[in-house]
Amino acid sequence: MIASMELNHIIWDWNGTLLDDRWLCVDAINKSLLLRNLPVIDENRYLEIFCFPVEKYYLKLGFDFEKEPFTISGSEFIKNYNSRFHEPKLHEGVNHLLDFVKTEGITQSILSAGKQEYVDDWVIYHQLKDYFIKVLGIDNHYASGKTTLGMKWINEMEYDPDKVLMVGDTLHDLEVANAMGIKCVLVAQGHTSYTRLRDTGAFVFNDLFEFKSYLQNSLPVNGSIGT
């Protein structure tokens, strides 16, 4: 379990953690795979191979960057994804969980590998803006730069890093949290399988309901979280 700590702030990842968009990521990449006569994938395969940097994930899928630069297939994926941009829904229980955290007096932010304008759009579209003191996305289409963004945010933040928790759904979220010097928990309903998350040694929840239940049982007063 998480070591005893006082919790002042939660940093949420967006895609996969709060937004249920795995199905769209699979659909969008399969369109690109079909165009190149490469084998398509299902969600189970996706959960086992998706990774950062995303170039490595594309190589696992069979893309050949000597024949075609990543910028072409990467931009193609974004176009495919954006054609259905507002179709993904929030994971079940997101609003109740954010309400609970807010009621506990714990501030919240988003740190995403999505482009800033997209993340802003999503947050407004899903009517979540009032929950977050900061919404942070990257400045490119290729999911690069989240660690640098996170380091900048933790240095700006008024809280002791020991009192900040990151909630994500990928191995990269754990890497980012480690670079920031903060604790991290992972939720296995996004873009990475439970087994891969568990093998990192991190504390893993099956879904956001399980995470909320843990918080409810572990936050007696003033954001104090215990084992």
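When you look at ASN30, is it more than 30 Å from LYS152 (Cβ to Cβ), surrounded by 14 or more Cβ atoms within 10 Å (Cβ to Cβ) and more than 20 Å from the chain's Cα centre (by Cα), yes or no? It would help to see each step written out before you state the result.
Values: more than 30 Å from LYS152 (Cβ to Cβ): yes; surrounded by 14 or more Cβ atoms within 10 Å (Cβ to Cβ): yes; more than 20 Å from the chain's Cα centre (by Cα): yes.
Answer is yes for this residue.
Go through the residues of the stretch 81-90 one by one and say whether even a single one is open to solvent by 10 Å² or more (accessible area, probe 1.4 Å), at pLDDT 95 or above and closer than 19 Å to PHE205 by Cα.
Yes, that holds for at least one residue.
Residues checked against (1) at pLDDT below 95; (2) out of contact with any Gly (no Cβ under 6 Å at 6 or more places or on another chain); (3) in a helix (DSSP H, G or I):
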| site | (1), (2), (3) |
| --- | --- |
| ALA3 | yes, yes, no |
| CYS25 | no, yes, yes |
| SER32 | no, yes, yes |
| ASN37 | no, yes, no |
| VAL40 | no, yes, no |
| LYS56 | no, yes, yes |
| GLU66 | no, yes, no |
| GLU92 | no, yes, no |
| LEU98 | no, yes, yes |
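Looking at the stretch 81-106, I want the residues that are among the small types (Gly, Ala, Ser) and have a partner that is in a helix (DSSP H, G or I) and open to solvent by 70 Å² or more (accessible area, probe 1.4 Å) with Cβ atoms under 8 Å, at least 6 apart or on another chain. Which pairs are those?
GLY93/PHE209
Which pairs turn up if I take residues in the stretch 5-29 that are under 13 Å from LEU208 (Cβ atoms) and among the polar types (S, T, N, Q) and look for partners that are modelled with pLDDT of 95 or more and part of a loop (DSSP other than H, G, I, E, B) with beta carbon separation below 7 Å, at least 6 apart in sequence or on another chain?
If the second residue must be modelled with pLDDT of 95 or more and part of a loop (DSSP other than H, G, I, E, B), the pairs left are THR17/ASP169; THR17/GLY190.
Kindly evaluate TRP23 against the criterion of being loosely packed, with under 14 Cβ neighbours inside 10 Å, at negative phi and among the aromatic types (Phe, Trp, Tyr). Even if it seems obvious, please write down each step before you answer.
On the way: loosely packed, with under 14 Cβ neighbours inside 10 Å: yes; at negative phi: yes; among the aromatic types (Phe, Trp, Tyr): yes.
Considered against the rule, which asks whether it is loosely packed, with under 14 Cβ neighbours inside 10 Å, at negative phi and among the aromatic types (Phe, Trp, Tyr), TRP23 comes out as yes.
Given (1) farther than 30 Å from ILE10 by Cα; (2) of a type in the set (Asp, Glu); (3) touching a helix residue (DSSP H, G or I) at 6+ places or on another chain (Cβ under 6 Å), where does GLU68 come up short, assuming only one miss?
So the condition that GLU68 fails would be (3).
Listed residues LEU174, LEU186, LEU136, LEU149; which is within 13 Å of the chain's Cα centre (by Cα) and part of a helix (DSSP H, G or I)? Explain how you work it out, then say what you get.
Details: LEU186 fails: part of a helix (DSSP H, G or I); LEU136 fails: part of a helix (DSSP H, G or I); LEU149 fails: within 13 Å of the chain's Cα centre (by Cα).
After ruling out the rest, the residue left standing is LEU174.
When the stretch 36-60 is examined, which residues are found to be of a type in the set (A, V, I, L, M), in contact (Cβ under 8 Å) with a residue 12 or more places away in the chain and either out of contact with any strand residue (DSSP E or B) (no Cβ under 9 Å at 6 or more places or on another chain) or open to solvent by 60 Å² or more (accessible area, probe 1.4 Å) (or both)?
Initial filter on the stretch 36-60 (of a type in the set (A, V, I, L, M)): 38, 40-41, 47, 49, 54, 59.
Keeping just the survivors that are in contact (Cβ under 8 Å) with a residue 12 or more places away in the chain gives 38, 41, 47, 49, 54.
If the condition is that a residue be of a type in the set (A, V, I, L, M), in contact (Cβ under 8 Å) with a residue 12 or more places away in the chain and either out of contact with any strand residue (DSSP E or B) (no Cβ under 9 Å at 6 or more places or on another chain) or open to solvent by 60 Å² or more (accessible area, probe 1.4 Å) (or both), then LEU38, ILE41, LEU47, ILE49 are the ones that fit.
Could you please find all residues in the stretch 184-221 being surrounded by fewer than 15 Cβ atoms within 10 Å (Cβ to Cβ) and in contact with a strand residue (DSSP E or B) (Cβ under 6 Å, 6 or more places away or on another chain)?
ARG198, the sole residue that qualifies.
Go over the candidates SER73, SER83 one by one and state the one that is within 29 Å of HIS126 (Cβ to Cβ), in contact with a helix residue (DSSP H, G or I) (Cβ under 6 Å, 6 or more places away or on another chain) and not hydrophobic (A, V, I, L, M, F, W, C). Please lay out each step first, then the result.
Values: SER83 fails: in contact with a helix residue (DSSP H, G or I) (Cβ under 6 Å, 6 or more places away or on another chain).
Selected residue: SER73, the only one of SER73, SER83 that is within 29 Å of HIS126 (Cβ to Cβ), in contact with a helix residue (DSSP H, G or I) (Cβ under 6 Å, 6 or more places away or on another chain) and not hydrophobic (A, V, I, L, M, F, W, C).
The values are calculated or read from the model by the stated rules, or taken from the named source; none is laboratory data. Everything numeric in this text was worked out from a predicted model, so none of it was measured. Every residue, glycine as well, gets a Cβ built from its backbone with ideal geometry; the counts of neighbours run over all protein chains shown. In case anyone asks, the SASA skips ligands and DNA or RNA and just uses the protein heavy atoms, side chains included. Shrake-Rupley method; radii C 1.70, N 1.55, O 1.52, S 1.80 Å.
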